[in-house]
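Dropping the structure in here first, questions after.
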Amino acid sequence: MMEEYLKYLENVRKLSDATLTSYRKDLSVWFDYLEEWEIDGSDVDKNVARSFIGQLSRDGLASSSINRKISSLKGYYDFLIKRKISPYNPFAGIKSMKLHRTLPVHLSDREITQLIEMTDDDFSGTRDRLLFELLYSTGCRVSEICNMKCHDLLNSHPVVRGKGGKDRWVFVGREARKALSDYLPLRKERARDNKNDSLILDAAGIPITARGIYYIIEKYTLKAGFPKKVTPHTFRHSFATGLVNEGADIRVVQELLGHASISTTQIYTHTGIERLKQVYRSSHPHGRNGGSKAEKEVITYEN
């Protein structure tokens, strides 16, 4: 039934390939657990489900990963119930584990400029410059960048298809447009198949993969000597953090990121605390020149 469920997620719910892969892995871990303990599917109940979650926790799996598996399995058993294959859902009523959410790592505008200025003027360097500009200008996920087509960028406000097959507008800034105009002639020369409209190509002239983009970013950040780990998603965090720091409404940021829930976007409001401190220190009479002793104690406590 797992394959039938995955087909349902693909064809009816229109989930992305990456999300389908996650569902497959989650379900496989569950079935491997049942097989290891020789538990028949008809014997599965809430106690078995809780034991499974306990095992994941003892194995050191992160709370976020465990919660994803709980969600995947709840959906799977709901699917079985609707098709009258299972009488009840053993994961129904099982609460998600508490998350210790950390603030997202992001790059400053100066750091992103540093990466862009490191690119050369050959095909690879021009492509990388466009890649950095697009990631930062649009806030797109790496999968959305990989799926971009040349004709998408004919519009100044292209539409991308995100998670769950949901479309949204993104905005391509002036610098990204300039990088695009530099790149397209080189892309035309490099493309192995002229009928392929994929925007970002690898050195072989074929559509780039997410792994390829990870490798490019890692190469530049290591060369730049950045102490933090930088991934394509770091650019997305930087995009959102920059908007929030400049006073953008959180609902607008939600739309631009394509988040289904505002709670996912609200984490970026916390990254603005440093900017609030800077404004306070530069504008408030007691904030200038270090402020009072009491004020310093408050700021130290907040840090």
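The values are calculated or read from the model by the stated rules, or taken from the named source; none is laboratory data. Just so it is clear, the model here is predicted, and its values are computed rather than measured. Cβ coordinates were reconstructed from backbone atoms using ideal geometry, including for glycine residues, and neighbour counts include every protein chain displayed.
Look at the range 153-163 and say how many of its residues are assigned to a helix (DSSP H, G or I) and in contact with a Ser or Thr (Cβ under 8 Å, 6 or more places away or on another chain). Quick ask: steps written out before the conclusion?
Initially, the range 153-163 is screened for residues assigned to a helix (DSSP H, G or I), giving 153-154, 163.
Imposing the further condition that a residue be in contact with a Ser or Thr (Cβ under 8 Å, 6 or more places away or on another chain) reduces the set to 163.
Counting residues in the range 153-163 that are assigned to a helix (DSSP H, G or I) and in contact with a Ser or Thr (Cβ under 8 Å, 6 or more places away or on another chain) gives 1.
Moving to a separate point now. Which pairs have Cβ atoms under 7 Å, sit 6 or more apart or on different chains, and link a residue in the range 60-85 that is farther than 18 Å from D32 by Cα to one that is in a helix (DSSP H, G or I)?
These pairs meet every condition: F79/Y5; F79/Y8.
Determine whether the range 221-231 contains at least one residue that is on the phi < 0 side of the Ramachandran plot and within 14 Å of the chain's Cα centre (by Cα).
yes
Go through the range 42-58 residue by residue and tally those that are within 22 Å of I85 (Cα to Cα), of a type outside the set (A, V, I, L, M, F, W, C) and without any contact (Cβ under 8 Å) to a residue 40 or more places away in the chain.
Total satisfying the criteria: 3.
Give the residues of the range 200-230 that are in a loop (DSSP other than H, G, I, E, B) and without any contact (Cβ under 8 Å) to a residue 60 or more places away in the chain, sorted by residue number.
D202, A204, G205, I206, G225, P227
Considering only the range 165-179, I want to know if a residue exists there that is buried (at least 19 other Cβ atoms within 10 Å of the Cβ), part of a helix (DSSP H, G or I) and either modelled with pLDDT of 95 or more or under 15 Å from the mean Cα position of the chain (by Cα) (or both).
Within the range 165-179, one or more residues are buried (at least 19 other Cβ atoms within 10 Å of the Cβ), part of a helix (DSSP H, G or I) and either modelled with pLDDT of 95 or more or under 15 Å from the mean Cα position of the chain (by Cα) (or both).
Just checking, how many residues over the range 124-152 are of a type outside the set (V, I, T), crowded, with 18+ Cβ neighbours inside 10 Å and either assigned to a helix (DSSP H, G or I) or not assigned by TED's automatic domain parsing to the domain that holds A204 (or both)?
The qualifying residues number 14.
Turning to a different aspect of this structure: Does L107 fit the bill of being surrounded by 20 or more Cβ atoms within 10 Å (Cβ to Cβ) and assigned to a loop (DSSP other than H, G, I, E, B)? Steps first, please.
Details: surrounded by 20 or more Cβ atoms within 10 Å (Cβ to Cβ): yes; assigned to a loop (DSSP other than H, G, I, E, B): yes.
Here the answer is yes, as L107 does meet what is asked.
Filter the range 109-164 down to residues that are under 30 Å from P227 (Cβ atoms), at pLDDT below 95 and of a type in the set (G, A, S), then give me how many there are.
Total satisfying the criteria: 3.
If D193 passes every condition in (1) among the charged types (D, E, K, R); (2) surrounded by 15 or more Cβ atoms within 10 Å (Cβ to Cβ); (3) at pLDDT below 95 but one, which one does it miss?
That leaves (2) as the condition not met.
Any residue that is in contact with a Phe, Trp or Tyr (Cβ under 7 Å, 6 or more places away or on another chain), closer than 29 Å to T209 by Cβ and surrounded by 12 or more Cβ atoms within 10 Å (Cβ to Cβ) - is there at least one of those in the range 43-52?
Taking the range 43-52 and keeping what is in contact with a Phe, Trp or Tyr (Cβ under 7 Å, 6 or more places away or on another chain), we get 49, 52.
Those still in the list that are closer than 29 Å to T209 by Cβ too: none.
No, the conditions are met nowhere in the range 43-52.
Just to check your reading of the model, which residue among A92, A62 is outside the structural domain of K25 (by TED's automatic domain parsing) and surrounded by fewer than 19 Cβ atoms within 10 Å (Cβ to Cβ)?
Values: A62 fails: outside the structural domain of K25 (by TED's automatic domain parsing).
Of the residues listed, the single one that is outside the structural domain of K25 (by TED's automatic domain parsing) and surrounded by fewer than 19 Cβ atoms within 10 Å (Cβ to Cβ) is A92.
Since H259 meets every condition but one in (1) buried (at least 21 other Cβ atoms within 10 Å of the Cβ); (2) of a type outside the set (K, R); (3) under 13 Å from the mean Cα position of the chain (by Cα); (4) not assigned by TED's automatic domain parsing to the domain that holds W169, which condition does it not meet?
Tallying (1) buried (at least 21 other Cβ atoms within 10 Å of the Cβ); (2) of a type outside the set (K, R); (3) under 13 Å from the mean Cα position of the chain (by Cα); (4) not assigned by TED's automatic domain parsing to the domain that holds W169, H259 fails exactly one: (1).
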